[in-house]
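Since the structure comes first, as structure tokens, the remarks are kept for the end.
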Amino acid sequence: MAPTADPPIAGSLDVVWNSGTSRDEPAIQVHAYAENTIILRQSKATSFEAPFLYLLFGQDRALLLDTGATADPAAFPLRATVDWLIEQWLAARPRDGYELVVAHSHGHGDHVAADGQFADRPATTVIAREADAVRSFFGLTDGWPEQTAAFDLGGRALEIIPSPGHHPAAITVYDPSTGILLTGDTVLPGRLLVFDAAAFRSTMDRLVAFAARRPVTHVLGCHVEMTRRPGRDFPIGATRQPDERGLAMTSRQLTAVRDAAAAMTGRRGVRRFDDFILYHEPRPWDLRRLLARGRMHQAWTRAFHR
């Protein structure tokens, strides 16, 4: 009989994420989900996008997934934070030649802005944002997007799943050790911007099928844009998100996204659901309405929250 895989590590998402409601929140919030798994959130004081980033430790190397929305290390000291976290991790597990790989859930600007902070870092590989670079690095040149790839950090083999639809170079990262599925902007509690509907539907079919074969503890994207009120999102550009929804989603919600996209086949537009809003190949006026609401909110904020 083949040996069974170890069950996923039970980590903690017992955290209140900084959401722009305090003047004293740090530029980067750091939360240890488990000793080898760190979740970081960029402050809304430096970017309204407030993306989440993920630092995963293996025995030989660490993976940093995404570098946030701000390039300036004075405003957004990502490298200093990552260096400190790696130093702390290595202090308890000394070894020479420990490497860092900087990858991206996808290539949009709010996920790659601080790449330059790592340009001269020793023992570091920064993967370019373009699809060709992603395919080449992970060995996905022959079967993209149907093929998956293993990426071993040393005793921690991640699975890389091509996930185009929101962005041509998008990937999803599955970590068997925690059961976490890192979905970038493909699936998150917020606005799902689908720019290639056929590619997105294929991606969601693959992700749902993948999750049916694996233990998935959490589906974690890179933003929170929904309030705790079902179907209600914060305006784009909001720098304060009081009472925001939690970050984690589930396999059930993964299936709900898949089904929502399938129901929109052949149609463009916006559909609201309790936990996400699907912008399915949005029409120009869909985006103008989204931006107009954001501008109105920003004007109100300037007037009443100086």
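The values are calculated or read from the model by the stated rules, or taken from the named source; none is laboratory data. Values in this document were obtained by computation on a predicted structure and should not be read as measured data. Don't worry about glycine lacking a Cβ; one is built from the backbone with ideal geometry, like all the others, and counts go over all protein chains shown. Keep in mind that these areas ignore ligands, DNA and RNA; they rest on the heavy atoms of the full protein, side chains included. Shrake-Rupley method; radii C 1.70, N 1.55, O 1.52, S 1.80 Å.
Need a quick list: strands (runs of 3 or more DSSP E) entirely within segment 16-57 having at least 2 residues that are surrounded by fewer than 18 Cβ atoms within 10 Å (Cβ to Cβ) and in contact with a strand residue (DSSP E or B) (Cβ under 9 Å, 6 or more places away or on another chain). Let's see the steps before the verdict.
On the way: elements: 28-34, 37-42, 52-57.
Hits in segment 16-57: 28-34.
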Cβ pairs under 7 Å, 6+ apart, first in segment 76-99 and within 25 Å of PHE48 (Cα to Cα) and among the aromatic types (Phe, Trp, Tyr), second in a helix (DSSP H, G or I) and at pLDDT 95 or above = PHE76/ALA114
Restricting segment 102-131 to residues that are under 22 Å from PRO168 (Cα atoms) and among the β-branched types (Val, Ile, Thr), which is nearest to the chain's Cα centre (by Cα)?
-> VAL112
Among the numbered criteria (1) in a loop (DSSP other than H, G, I, E, B); (2) free of Cβ contacts under 8 Å to residues at least 40 places away in the same chain; (3) in contact with a Leu (Cβ under 8 Å, 6 or more places away or on another chain), which single criterion is violated by GLY266?
-> (3)
Would you pick out the residues in segment 224-238 that are surrounded by 19 or more Cβ atoms within 10 Å (Cβ to Cβ) and in contact with a helix residue (DSSP H, G or I) (Cβ under 9 Å, 6 or more places away or on another chain)?
-> PHE234, PRO235, ILE236, ALA238
Going by the structure shown, is GLY155 in contact with a Gly (Cβ under 7 Å, 6 or more places away or on another chain) and surrounded by fewer than 20 Cβ atoms within 10 Å (Cβ to Cβ)?
-> yes
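Could you say whether any residue in segment 2-10 is modelled with pLDDT of 95 or more and not basic (Lys, Arg)? Give the derivation first.
First, the residues of segment 2-10 that are modelled with pLDDT of 95 or more: none.
Taking every residue of segment 2-10 in turn, none turns out to be modelled with pLDDT of 95 or more and not basic (Lys, Arg).
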State whether the residues of segment 68-80 include one that is outside any loop (DSSP other than H, G, I, E, B), within 27 Å of PRO164 (Cα to Cα) and either basic (Lys, Arg) or under 19 Å from the mean Cα position of the chain (by Cα) (or both).
-> yes
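Inspect all residues belonging to segment 98-108 and state whether any of them is acidic (Asp, Glu) and over 17 Å from LEU63 (Cβ atoms). Can you show your working first?
Our first condition is that a residue be acidic (Asp, Glu); within segment 98-108, this holds for 99.
In the following step, the residues that additionally are over 17 Å from LEU63 (Cβ atoms) were identified as none.
For segment 98-108, residues acidic (Asp, Glu) and over 17 Å from LEU63 (Cβ atoms): absent.
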For residues in segment 112-147 being assigned to a loop (DSSP other than H, G, I, E, B) and in contact (Cβ under 8 Å) with a residue 40 or more places away in the chain, which is least open to solvent (accessible area, probe 1.4 Å)?
-> VAL112
Pick from ALA238, ALA199, ALA211: which is assigned to a helix (DSSP H, G or I) and either farther than 17 Å from VAL173 by Cβ or touching a strand residue (DSSP E or B) at 6+ places or on another chain (Cβ under 6 Å) (or both)?
-> ALA199
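Inside segment 269-295, can you point out the residues that are among the acidic types (Asp, Glu) and part of a loop (DSSP other than H, G, I, E, B)? Show your work before the answer.
Here is the first cut: in segment 269-295, the residues among the acidic types (Asp, Glu) are 274-275, 281, 286.
Selection gives ASP274, ASP275, GLU281.
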In segment 183-207, what residues are under 16 Å from HIS108 (Cα atoms) and open to solvent by less than 10 Å² (accessible area, probe 1.4 Å)?
-> THR183, GLY184, THR186, VAL187, LEU188, LEU192, VAL194
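Filter segment 225-235 for residues that are in contact with a Ser or Thr (Cβ under 8 Å, 6 or more places away or on another chain) and assigned to a loop (DSSP other than H, G, I, E, B) and give the result. I'd like the intermediate steps shown before the answer.
The initial filter retains those residues of segment 225-235 that are in contact with a Ser or Thr (Cβ under 8 Å, 6 or more places away or on another chain), namely 233-234.
Of everything in segment 225-235, just one residue is in contact with a Ser or Thr (Cβ under 8 Å, 6 or more places away or on another chain) and assigned to a loop (DSSP other than H, G, I, E, B), namely PHE234.
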